[in-house]
Amino acid sequence: MSENTGNQGSKRGRPKSRIGVVTSNKMTKTVVVQVERRMKHGRYGKYLTEKNKYKAHDEEQACKIGDQVRITETRPMSKDKRWRVAEILRPADTTLEAHGPATQSERS
């Protein structure tokens, strides 16, 4: 019996991961990630969008607002932080902001 008890603690499941968009990076080494999930209502069958916000640890402070990131579950790092940024999937699209609206001379 004692052989099995030592093995139990070393086995862990795979950590959960979510994909979302960074909505805030104002805190030091912390970003707020909004994750959207589409689900069907149990009784009425209407599709709903459930939005959750998670605080995630960003060690390099590389995330910017609008980046699409993958976050994974980790040990508690503070009162609210239980996730960390695993990778930046798609950086924020800044090309539209740089060009701005087309002027009258560019259209003709």
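Each reported figure results from applying straightforward, stated rules to the coordinates on display, with no laboratory input. Computed from a prediction, not measured in an experiment: that's the story for all the values here. Quick reminder, even Gly has a Cβ in these numbers, built from the backbone with ideal geometry, and neighbours come from all protein chains shown.
Relative to the Cα centre, the charge distribution of the stretch 20-78, modelled as +1 at Lys and Arg Cβ and -1 at Asp and Glu Cβ, gives a dipole magnitude of about 420 debye.
Restricting attention to the stretch 40-96, which GluC sites (Glu not before Pro) occupy a DSSP loop and are surrounded by at most 14 other Cβ atoms within 10 Å?
Numbers: sites: Glu50, Glu59, Glu60, Glu73, Glu87; in loops: Glu59, Glu60.
Those that pass, being in a loop and sparsely packed, are Glu59, Glu60.
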